[in-house]
1. Given a 1.4 Å probe and every protein chain left where it sits, what share in percent of the accessible area of the stretch A:238-358 is carbon and sulfur?
2. Would you mind calculating the relative contact order of the stretch B:129-272 from Cα pairs under 8 angstrom and at least 6 residues apart, reporting the percent as a whole number?
3. Averaged across the residues of A:43-54, what count of C-beta atoms belonging to other chains lies within 10 Å of each residue's C-beta?
4. Based on the mean of other beta carbon atoms within 10 Å per residue, what is the order of B:84-94, A:213-223, most packed first?
5. How big is the A/B interface in buried accessible area, both sides summed, 1.4 Å probe, to the nearest 100 Å²?
6. At 0.36 nm per residue, and after removing the present C-alpha to C-alpha distance, how many nm does the segment from B:L22 to B:L260 gain when stretched out fully?
7. Would you work out the relative contact order for chain B, in percent, from Cα pairs under 8 angstrom that are 6 or more residues apart?
8. Within 10 Å of each candidate Cβ there may be at most 15 other Cβ atoms; applying that plus a DSSP loop requirement, which chymotrypsin sites (Phe, Trp or Tyr not before Pro) in the stretch B:110-177 survive?
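The values are calculated or read from the model by the stated rules, or taken from the named source; none is laboratory data. From a predicted model like this one, the values you see are computed outputs, not experimental measurements. Cβ sites come from the backbone with ideal geometry, for glycine too, and all protein chains shown count toward neighbours. All accessible areas refer to the heavy atoms of the entire protein, side chains included, with ligands and DNA or RNA removed. Shrake-Rupley method; radii C 1.70, N 1.55, O 1.52, S 1.80 Å.
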Amino acid sequence: MTALPQTRGRSGGVPGALPQEVRSNERSDLGSDPPNGSPRGLPSDLPRAAHRLTWWITLAALLLLGLLILHLGMGSAPLTPAEVTAALTGRPIEPWHRDVVIGLRMPRGLIAVTAGAMLGVAGAHLQAVTRNVLADPGLLGVSAGAVLAVVVGASFGLVSVSSGWTPVVATGGALASGALVYWLGWHGGAADATRFVLNGVLVSAIGSALVAVVLTLDGSTFGTVLRWIVGTLHARTWEHWQVLWPWAIVSLVIALGAIRGATVLWSGYDVATAVGAHPTRIRLAVFGSAALLTAGAVCTVGAVGFVGLVAAHLVRPLVGHHPARVIPMAAFAGAALLLGADIVANGLTFAIPGDQIGGRASLPTGAVTALVGGPLLLALILKERR
Amino acid sequence: MTTPSAPALSAIGLGVGYGSRLVAADLHLHVDAGSWVALVGRNGCGKSTVLRALSRLMPARSGQILLDGQAISSLPTREIARRMAVLPQGPQPPAGITVRELVELGRHPHRALLGPLSAADREAVEDAMNLTGTAEYAHRYVDRLSGGERQRVWLALALAQQTDLLLLDEPTTFLDIGHQLEVLDLVARLRAARGLTVVTVLHDLGHAARYADRMVILDEGRILADGRPEQVVTPELVRRAFGVEATVLTDPVTGTPVVLPHTPASSPHVPQVVRS
């Protein structure tokens, strides 16, 4: 992966490393400086893009639009990007293009973009407040809680995947498991980032076990639920989109509002207290918004893993580590990741020959994100160990 | 609101501790405006804990902390941060934060809930970086700086808060002797320039005697001695506070007391060093 952060964490600042020891590939951001690093105005450690965030956000949005057009062209009746664009702009080349693109495929694409953005923001937020580059809604047990709540709700016939109440139930589960991880991690005051992730994995495992128990008690939904747990965008309709979008707007607005707090807490518990912030309130606010974001995404696309983890790591080499830049950019990276993963899943599905379209098995999108995210997680853990 | 004679910071009957262990009980301390008070004492004597309680990084179990005569428990934490800056002991910078970004956090208590840094905020940040000599590496990552540079960056964060009161918890730990003096000299110059009131926890008695105008020796959470350095740094008090037999001399350059430790005073298990 090229998406690894450039610094070696806290151990990076070796005592005695003078600022003059600048790596040759680092360039100066302060125009007038001599290239060899004079005593006045030393070269910047920030990546170039960090100073041009608006430009990069625009570029990311255009890239995302391109991916979406590609995505909308995929299916049993492939369409070229030109045909998709024509259908989108209201001048379809064939009348049925409009029905296929907007009626059938658009919800899946929009859901991928929105859910991906939500997971990306949740991951970047959690990484900032826990000061832990391994944090991710899936790894911290938040997704597992949401899944368990929905599965329990569904087995009692209370919710279905397209019901407006599903995100509420999922948020309840996400908050409960998030609170459990929070309590286990910060019980007694000390916050240990590694133990915190371990607790998340533990809570996830218990959650999965409980899901299996509930599914065994009521075997009728086993297949559907299992695929949804891995994470799939298969057969998503406008009905699902109706559930997702209001939830997405509310949770994203709350998350963007929490960036200032997350940045302060990123500087450490004592420092945050010293500058007049309330660390515990910030943690609760960020955990709450991450639970909202994750629950909304999980309801519509299932427990797609690693999107939050990978998104934040993708953008750091571009914009540096500051949460005010990482979190907005992680929204685009998460959206592009989930959309890209779905393109791959879709492509592989249609590449495998089958007799009929309806009975064709589809590759879950979550399997693709896990194939990308798993090795990254491994690389990060090895890097932390070194 | 503030009477001229009121101390800048006071502890009244302060009790503070961790879990079931009470570090200090019924401690009384008044810090006069404009003074530099050094808290000294052996490891575990409670000096850092008392400083953390004074700066509300730790809640007081009992008693009160008064900031300009007002109880800090009744003041909003943002308001406290506008009047008192504190540098905790050995803070770890987050990976990948630049010097400027870290110093900007010092403006947090002055900023509105939303919106970018104001012109006044940016000026305070520049000012703090210039005073501490960190402006030249404003865009460097803090975790790539050396220990001494890093400590000056943390100091810049505290200065960006533009407070009259500055609390420092062992600001010289992990620094070599040159950087120790550099940081303390910087604080002394800032204090003179801005009329700051300074409270520091210091390990080195010589440094404390040289820079502070008042020393408070703590022992098991109680004040063992409190006064001007030449009153406090005596062989008798050094023995009682640190368990060390020492000779106290006067520094020919600064005129402040310096301690020459010889042997642990009451340690039968440690063999006596034979001196020739």
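1. On the way: 2740 of 3850 Å².
Carbon with sulfur: 71 percent of the solvent-accessible area.
2. Working: 180 pairs, mean separation 20.8, N = 144.
The normalised contact order for the stretch B:129-272 reaches 14 percent.
3. Working: counts 3, 7, 12, 7, 1, 0, 0, 2, 1, 0, 0, 0.
Shielding by partners across A:43-54 averages 3.
4. Details: B:84-94: 21.8, A:213-223: 11.9.
Put in order of decreasing packing, that is B:84-94, A:213-223.
5. Values: alone 18640 and 13560 Å², together 28660 Å².
Its buried surface, counting both partners, is about 3500 Å².
6. Values: separation 238, 0.36 × 238 = 85.68 nm, distance 3.23 nm.
Full-extension gain reported as 82.4 nm.
7. Values: 536 pairs, mean separation 58.3, N = 276.
This gives 21 percent for chain B.
8. Working: sites: B:Y137, B:Y141, B:W154, B:F174; in loops: B:F174.
Within the stretch B:110-177, the qualifying chymotrypsin sites (Phe, Trp or Tyr not before Pro) (loop, at most 15 other Cβ atoms within 10 Å) are B:F174.
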